[in-house]
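Each value in this text was obtained by applying a stated rule to the coordinates, not by laboratory testing. Quantities reported herein were computed from a predicted structural model and do not represent experimental measurements. Virtual Cβ from ideal backbone geometry, glycine too; neighbours counted across all protein chains shown.
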Amino acid sequence: RLTELFRRSLPSSAVTEVITARPPEPVSAEPAVDVAALRSVTGADSELERAIADTFRESARELLYQLGRAVDSGDVQALQRHAHALKGAAASLRATRLAGLAAALQSTTAPGTRDEQHNRIAVIQSEVERVGEFLLRLSDA
């Protein structure tokens, strides 16, 4: 039904893009951060957790920007380097899904199209936001 609505309402080239576009990767049902593991590091210190959340959000924002630049310039080494840094930051926070997404991007040797890479970064950005929000809620609790 939806496809038919698109065909009647949109130019044919747009319909092809809508139909062939991959759906976004679903957000994980698992917690953004392993709280028990993180709290074993922070000692459940809410001030420390708030500082970690703020630092993570700031550094992740810069890393996402650098990942986008690396894709735009076709610089695979820079892409791998920034993905590695994000993977390390995520792992230190016990954000296992984000660490896995960054690790997958880091292992890229044949990056694919620019659009594919930007789509992968968009999924990572979504997870970065989820982790950042989780950390802020955790430090406010």
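Measure off 7 Å from each Cα along the Cα-to-Cβ vector at residue 115 and residue 137, then give the distance between these two points in nanometres to one decimal.
That separation, rounded to one decimal, is 3.4 nm.
How much length, in nm to one decimal, is gained on full extension between residue 57 and residue 76, taken as 0.36 nm per residue of separation minus their Cα-Cα distance? Don't jump to the answer; show the numbers that get you there.
Values: separation 19, 0.36 × 19 = 6.84 nm, distance 2.40 nm.
Gain on stretching residue 57 to residue 76: 4.4 nm.
How many nm is it between the label spots at residue 39 and residue 104, if each spot is 7 Å from the Cα in line with the beta carbon?
3.0 nm
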